[in-house]
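Shown next, in structure tokens, is the structure this report addresses.
The numbers here are math on the coordinates, done by the rules we state, and not lab data. In this text, all values refer to a predicted model and were calculated from it rather than measured experimentally. Note that each Cβ is placed from the backbone with ideal geometry, even for glycine, and that neighbours are counted across all protein chains shown.
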Amino acid sequence: MTRASRIALGTLLLTAACGLERPTEPSANLQTVHSSFNPTPSSISLTSIGSYAGGGIGAAEVTAFDPGSKRLFVINGALGTVDVLDLTDPASPTLVSSLSVTQFGSGANSVATDHGVVAIAIQAHTKTDPGTVAFYDASTLQVISNVTVGALPDMVIFSRNGDWVVVANEGEPNDDYTVDPEGSISIINVTNVHQPTVRTAGFGSFNARANNLRREGVRIFGPGATVAQDMEPEYVAISDDNRTAWVTLQENNALAIVDIRTATVTSIRPLGYKNHGLAGNGIDASDKDGPAVNIRSWPVFGMYMPDAIAAYSVNGQTYLVTANEGDARDYPGAPGFAEEARIKSLPLNTAIFTDAICGGPCSNDARLGRLTVTTTLGMNPNTGVYDALYAFGARSFSIWNATGQQVWDSGDQLEQLTTSLSQANFNASNSANSLDDRSDNKGPEPEGVVLAQLGAKTYAFIGLERVGGVMVYDVTNPMSPFFVAYASNRAGSGGDRGPEGLAFVPANRSPNKKPLLIVGNEVSGTTRIYEIVLH
């Protein structure tokens with residue numbers, strides 16, 4: 001299918017969602033699976049028992065707990081260090097030390113622990129150069145070893161058996177987009193952590209398939225970029241058998257599947273587009289409509305573009321949970337590259353984007369005019385006007401099978417819930433406290449996700465970057481998850497803001513023998529410790 005044909009098909013689906021003629025063969029790239037909204041009484045709750053203030057914006061991002069030393073390792077993005085907290089008493093965390101990584105690079109981006117070993121992903125002093133993963137002893141805080149990995153290592157994770165460390169090397173370009181390194185996944189064998197070996201799973205073998213991948217729905221759009229340069233690995237989940245890694249390619253709206261033992265990317269799967277014109281998939285599209293809550297269907301598609309991903313098994317089948325944050329490319333240097341635009345600045349096909357569909361002029365600020373979309377999709381090359389509109393993120397979390405097919409999506413639940421939950425200021429930003437402030441750009445912005453097995457049930461904890469809280473869902477049945485709890489320590493424009501990294505500590509590894517959820521809040525620079533209480 002040509003790009004023009006794909007756009008035309010998207011247009012048909014938009015008109016179908018608004019009550020016009022429905023196409024006979026909807027595109028496989030357009031996801032229409034959404035949830036039925038079925039809140040139930042909470043089966044668990046989160047009780048805040050402790051916190052640590054790391055020092056302002058960026059001072060608490062990714063966290064990782066080591067049970068042996070009872071220490072919590074926190075990425076301090078403001079300083080580029082790793083704060084080491086004593087969590088012997090999780091109600092009163094105290095600073096033990098701060099690990100500087102300047103001997104390896106400009107700053108630490110991610111951290112993971114396993115059996116007393118701490119793995120830290122460190123970007124180079126020039127971010128487009130190869131980075132480093134350094135291994136530390138959790139008790140002595142001494143360097144054990146280090147290896148060179150790809151450019152901008154952004155996330156690091158141990159396999160479940162501890163034999164492997166998998167690293168997402170984002171490979172972002174420089175600010176003026178004149179240097180664009182290849183994205184990659186590093187596979188580090190740490191069976192002997194004193195002499196680790198590293199191999200690279202790259203995307204070079206897909207370079208000749210660029211046009212096919214685009215037709216399938218993978219976003220490959222960087223100026224002059226090959227497939228390998230355009231892929232930007234973001235986050236990793238690993239299978240129970242330690243053989244497969246799933247890697248989110250956020251800007252590409254895709255998922256990479258990696259064979260860990262052979263260090264090979266076996267496939268790139270497009271994640272498709274969410275039809276916000278369908279009932280249950282609505283959004284509040286404007287920050288200039290009241291302020292007011294106005295969640296409704298709109299003739300817009302959402303690009304899932306997940307950040308965090310987690311994996312779990314049900315009846316021998318692997319399922320993946322993603323937080324569908326969304327992210328745009330915006331490089332301000334010259335020549336640079338920027339894909340964001342307000343809808344009101346774009347020429348629209350008025351036969352599609354009618355007053356009847358939008359309840360008035362679609363480009364009006366109180367309707368779709370303020371919504372931020374990409375300029376890289378939706379324009380009809382023959383007419384020069386937009387036949388379809390694609391927004392960043394899906395304002396949801398999704399569940400996918402092992403091959404990247406969606407089996408469930410939370411639809412508009414996250415926005416609907418934050419209209420009424422206490423301490424959830426609807427679509428407020430993470431730096432201010434104005435109702436409706438982020439409706440024009442990704443809404444509550446789900447970013448982080450972690451899973452917890454508690455008894456016979458599996459729960460997903462989803463961090464809402466903008467609103468500032470954590471949603472809890474029972475995902476035991478991946479086909480029918482449901483909301484059970486919400487927690488937030490935001491207090492107006494203060495308190496915890498910008499949850500980024502979430503970590504679960506099971507009771508048998510917890511310092512107080514209770515299951516814990518640990519949240520690194522990037523904007524407030526606070527690390528929050530919750531005790532998970534089962535009812």
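Which order do the peptides 273-286, 87-100, 370-383 come out in when sorted by mean C-beta neighbours inside 10 angstrom, highest first? Present the calculation step by step, with values, prior to reporting the outcome.
Working: 273-286: 23.1, 87-100: 15.9, 370-383: 18.3.
Highest to lowest by the protection proxy: 273-286, 370-383, 87-100.
Given only helices, namely DSSP H runs of n ≥ 4 each adding -39500 (n - 2.57), what is the per-residue ellipticity at 222 nm of the chain, to the nearest 500 deg cm²/dmol?
Taken over the chain, the calculation gives -1500 deg cm²/dmol.
Put simply, the amide H of residue 71, placed in the peptide plane, has neighbours under 5 Å in 66, 87, leaving out anything fewer than 5 places away on its chain. For the range 230-295 versus the range 296-318, the spacing of their alpha-carbon centroids is 6 Å. Name the shape class, rounded, prolate or oblate, that the alpha-carbon gyration tensor gives for the range 326-404, where a ≥ b ≥ c are the square roots of its eigenvalues, rounded holds for a/c under 1.5, and otherwise prolate holds if a/b is larger than b/c and oblate otherwise. Judged from the Cα gyration tensor, the range 326-404 comes out oblate (a/c at least 1.5, b/c at or above a/b). For mean projected area of the Cα convex hull in nm², the candidate list reads [x] 26.8; [y] 22.5; [z] 61.9; the entry that matches the value derived from this model is [y]. Each principal axis of the Cα cloud of the range 186-321 was taken in turn, and the coordinate range along them, longest first, works out to 60, 40, 28 Å.
Each residue of the range 424-440 is assigned a 3J(HN,Hα), and the resulting list reads 10, 6, 3, 6, 6, 7, 8, 10, 10, 9, 8, 3, 6, 5, 10, 4, 7 Hz, derived from the Karplus form 6.51 cos²θ - 1.76 cosθ + 1.60 (θ = phi - 60°), x at Gly and Pro. Taking the longest Cα principal axis of the chain as reference, the axis of helix 3-17 is set at about 80 degrees. Between the range 432-490 and the range 167-210, the C-alpha centres lie 30 angstrom from each other.
For the peptides 198-206, 440-448, the ranking by packing is 440-448, 198-206, with the highest mean count of neighbouring Cβ atoms within 10 Å listed first. Backbone geometry of the range 487-493 corresponds, through the Karplus equation with coefficients 6.51, -1.76 and 1.60 at θ = phi - 60°, to 3J(HN,Hα) couplings of 9, 7, 10, 6, 10, x, 8 Hz, x marking Gly and Pro. Karplus-derived 3J(HN,Hα) values for the range 129-144, using 6.51 cos²θ - 1.76 cosθ + 1.60 with θ = phi - 60°, are 8, x, x, 9, 10, 10, 10, 10, 7, 5, 8, 8, 6, 8, 5, 8 Hz; glycine and proline are entered as x. Less than 5 angstrom separates the built amide H of residue 337 from those of 331, all sequence-distant by 5 or more or on a different chain.
The number of Lys pairs in the chain with C-alpha atoms less than 24 Å apart, excluding pairs fewer than 8 positions apart on the same chain, is 10. For the pair residue 205 and residue 507 in one chain, pulling the backbone fully straight at 0.36 nm per residue adds 104.3 nm over the alpha carbon distance. Near the amide H of residue 458, within less than 5 Å, lie the amide hydrogens of 475, 476, all on another chain or at least 5 residues away, with H placed in the peptide plane.
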